[in-house]
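The values are calculated or read from the model by the stated rules, or taken from the named source; none is laboratory data. Note that this is a predicted model, so its numbers are computed, not measured. Counting neighbours? That spans all protein chains shown, and the Cβs are built from the backbone with ideal geometry, glycine included. All accessible areas refer to the heavy atoms of the entire protein, side chains included, with ligands and DNA or RNA removed. Shrake-Rupley method; radii C 1.70, N 1.55, O 1.52, S 1.80 Å.
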Amino acid sequence: MEQKIKQDIPLGANIRRIRKQKEIGQTELVRQINLLGEPMTREALVKIERGIQHIKASQLKAIKETLDTTYDELFK
C-alpha cells in the first residue's frame, strides 16, 4: 500500500499556486501526469488542491515533475 501524505501544510494551495503561475489548467496538468504513468483524475486534483484529499507520494512526484518545480517549493 502506497504511503499517503497528510496535508497539514498548505500543499494543495501551493500546487494550485504553482500551476497557475505556469498557466497550466487542471485538465492539462492531469493529462501530463497520466502521460507519466500516474493515474489521476481532474476530480482528484481538485480535491488535492482544496486540501480535502490526501495525496499519494507517487502523485506528488508526478506533480513535481510535471510542474518542473522542487519539493521545497511545494512544501513552502
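Some notes on this structure:
- Unique match (being in contact with a helix residue (DSSP H, G or I) (Cβ under 8 Å, 6 or more places away or on another chain), open to solvent by 60 Å² or more (accessible area, probe 1.4 Å) and free of Cβ contacts under 8 Å to residues at least 40 places away in the same chain) among Leu45, Leu36, Leu29: Leu36
- Scope the stretch 48-76; condition of a type in the set (Gly, Ala, Ser), surrounded by 13 or more Cβ atoms within 10 Å (Cβ to Cβ) and not in a loop (DSSP other than H, G, I, E, B); matching residues: Ser58, Ala62
- In the stretch 7-26, residue farthest from Glu73 (Cα to Cα) [restricted to those that are touching a residue at least 12 places away in the same chain (Cβ under 8 Å), open to solvent by less than 50 Å² (accessible area, probe 1.4 Å) and not polar (S, T, N, Q)]: Ile24
- Flag if Gln32 is closer than 18 Å to Pro10 by Cα, polar (S, T, N, Q) and not in a loop (DSSP other than H, G, I, E, B): no
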